[in-house]
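Comments concern the structure below.
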Amino acid sequence: MSRFDKWLERRARNIARKTSRRFFLAKLGTVLVGASAYPLLPIARSQATALASETDPGSAEDCEYWRYCAIDGFLCACCGGTASSCPPGTALSPITWIGTCRNPADGKNYIISYNDCCGQSACGRCQCMRNEGDKPIYLTSQANDINWCSGSAADMVYNCSIAAIMGVEDEA
Amino acid sequence: MSRILVLVISGYLISFTAQADLSVDLPFVEKLKAPDHSWVWVIDGVGDFTKSRLFDTTNGKMLGMLSTGYWSGGLVLPSGGRDIYAIQTHYSRSTRGERTDILAIYDPQTLLPKGEIEIPPRRMSGLIQKGLSSVTADNNFLVVQNFTPAQSISIIDLSNQRFVAEIESPGCTGVYANSSVTFSAICGDGSLMWVQMNASGNVIDKGFTEPFFDSYEDPVAADGVRVDDQWLYASHNGYVYPVDVSDIVPVAAERWSFLSDQERAAGWRFGGFNHINAHPQSRRLFILMQDGGEDSYEEPGTEVWVFDIDSHERVARFELEHMAMGLEVSLEDKPHLYTSAVVFPIPTWAVVMLAVFGHESSLMDIADFGLDIYEAETGELERTIENVTSTPTLMQGW
């Protein structure tokens, strides 16, 4: 193998590896996420129909969207829902896991509830896997490898995942 | 009219017999021979209808498969030709309706279902399936992690094919059988919950160890590997935490680093969904590695590092032919290393071009999840079996 070939090979591997973090699960038939109780989210509700704005920059259909820093699943915004609402025909899992993501618009850290939407079948669109702050399954409230539909009140198959704002992290 | 028909039919028969060089087939259904350590199950573990496929790694042939329900809980593969068990979840209307969790029992030769044990419909399903259940060394009991999100553990008596009991495991998730009558679970504070059963599977004692790792600063993956009397757990920052389980109460031994300070600083971490395995006969530990740095522990591995479990020395380091999402080591005396390979069925230059021009997502649309078989001592690739799974979550050698 020539030096050029080796370089090409190594470069391809590196690209593939870095690429895979976001995309390699696109072929997988599913995935997870989730977190706690949705009700209490006036901020999230107000954001539910909002398009990208100066205060909430980015597209909810893009894996790089700032709220998705710790998500692992199909983006509901690509499946008939939004960043904070489930698609029609599904049920919101009342149990969930929590992440903390920095909003580049105001530089504040927001507490994000990653709820799974349950029912129908795995959506299969816009797979997004970002593990920033993800923890093993024995730290359940911060674990995105758990299927949060299973065992919940919405005990059906997994459909997609949302990232609802719970509030701003207390800087103290 | 009928005379013409007879002539036509006769013509066909004559024509057929004149060309019939092959003997007549008598279609039938295959049975498996006695299982071999060169066989491996590839678990397509995440999805509405999961599949487990069995491969013979000596020739790359698929031998058969099992349908394993919603988000597979993996297989239990007792030695000696005993029945296969599969932990499964089913809904009465396919993807909705009443949920039933079972331990399905399959004949190891016909792969036909021959019975089932109903268990509490609360088993945890997750992307990484090790730690969600564990079977005792003598194959008498199976323990299954539950999550609602209240945590509990189901105990199943395999010998008598009955569900025994469900016990609470508050704050503890990730079960590991220790002896024929003891098991433990990893707790969020870095300790272990330990449980002792009697010969019937009923709990007679339980307790908690002191914390032996920092679950926030250096969490261990809930993906342990058993070598003799120890469970070995690898941590996100590059340490192995051994736990001796020869007594009823587990005892943590001193951790050891599988990274030098330079390697740690360079971002080397374990990678994939199943990143650690061992060959007990030679006391070698195999870890799937990548250099993506913090929070990269589920990225595909590009190398496998091999360690002597006793001296902690790295004895080999292989660059993989294809990056991989998991690894398994066969129990053969001369072991093989199996990896869940991510294969791009296009030339390398085309991979680079797609990435350079911003079409990385297309790369994964064409990726094929295969099974690479390496000679474990030399790291030499012996064979790639293509198209073995769509969700490379777990491999189980027989």
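The values are calculated or read from the model by the stated rules, or taken from the named source; none is laboratory data. None of these values were measured; they are calculated from a predicted model. Note that we place each Cβ from the backbone using ideal geometry, even for glycine, and neighbour counts take in every protein chain shown. Accessible surface areas use protein heavy atoms only, side chains included; no ligands, DNA or RNA. Shrake-Rupley method; radii C 1.70, N 1.55, O 1.52, S 1.80 Å.
Tell me, what % of the accessible area of region B:120-244 is carbon and sulfur with a 1.4 angstrom probe? Carbon with sulfur: 47 percent of the solvent-accessible area. About the centre of its Cα atoms, region B:120-244 shows a dipole size close to 560 debye [charges on the beta carbon of Lys, Arg (+1) and Asp, Glu (-1) only; nearest 20 debye]. Note on region B:32-112: with neighbouring protein chains present and a 1.4 Å probe, carbon and sulfur make up 48 percent of its accessible heavy-atom surface. For chain B, the Cα gyration tensor yields ellipsoid semi-axes of 41, 30, 20 Å (square root of five times each eigenvalue, largest first, whole Å).
For peptide A:144-154, how many partner chain Cβ atoms fall within 10 Å of a residue's Cβ, on average?
6
Residues of region B:139-174 that bury at least 50 Å² of accessible area once all protein chains are present, compared with their chain alone (1.4 Å probe, heavy atoms only, ligands and nucleic acids left out), are B:PHE147.
A dipole drawn for region A:44-172 from +1 and -1 charges on Cβ atoms has a positive end, and of A:THR82, A:ALA60, A:ALA143 the residue lying farthest that way is A:THR82. Rounded to the nearest 20, the size of the Cβ-charge dipole of region B:347-398 about its Cα centre is 200 debye, with Lys and Arg at +1 and Asp and Glu at -1. Sparsely packed loop sites in region B:208-316 (the GluC sites (Glu not before Pro) outside DSSP H, G, I, E and B with at most 15 other Cβ atoms within 10 Å) comprise B:GLU217, B:GLU254, B:GLU294, B:GLU313. With helices as the sole contributors, the protein assembly as shown gives -3500 deg cm²/dmol at 222 nm; each DSSP H run of n ≥ 4 counts as -39500 (n - 2.57), and the sum is divided by every residue.
Take region A:46-172 with all the other protein chains still there, run a 1.4 Å probe, and you get 35 Å² of accessible area per residue. How much net charge surrounds B:VAL175 when only other residues with a Cβ under 12 Å from its Cβ are counted (Lys, Arg +1; Asp, Glu -1)? Neighbour charge sum, excluding B:VAL175 itself: +2.
A 1.4 Å probe run over region B:32-112, with the rest of the protein chains in place, finds 37 Å² accessible per residue. For region B:32-112, the dipole from Cβ point charges (+1 on Lys and Arg, -1 on Asp and Glu) about the Cα centre works out to 140 debye, to the nearest 20. Accessible surface buried by the B/A pair amounts to about 4800 Å², both sides summed, 1.4 Å probe. Measuring between their Cα centroids, region B:33-82 and region B:302-336 lie 22 Å from each other. Any idea what angle helix B:2-19 forms with the longest principal axis of chain B, computed on alpha-carbon atoms, 0 to 90 degrees, nearest 10? With rounding to tens, the tilt is 50 degrees. Which residue, B:GLY188, B:ALA199, B:ILE105, has the largest displacement toward the positive end of the dipole of chain B when charges sit on each Cβ (Lys, Arg +1; Asp, Glu -1)? Checked the options; the winner is B:ILE105. Listed values for region B:327-341 are Karplus-derived 3J(HN,Hα) couplings in whole Hz (6.51 cos²θ - 1.76 cosθ + 1.60, θ = phi - 60°), namely 9, 9, 10, 6, 8, 4, 4, 9, x, 10, 9, 10, 10, 7, 8, and x replaces Gly and Pro.
Across the options B:PHE270, B:ALA252, B:LEU232, the greatest Cα extent toward the positive end of the charge dipole of region B:205-284 (unit charges at beta carbon of Lys, Arg, Asp, Glu) belongs to B:PHE270. Looking at this model, which pairs from B:LYS33/B:LYS114; A:LYS135/B:LYS130; B:LYS130/B:LYS334; B:LYS33/B:LYS61 are more than 20 angstrom apart at the alpha-carbon? Too far apart for the 20 Å limit: B:LYS130/B:LYS334.
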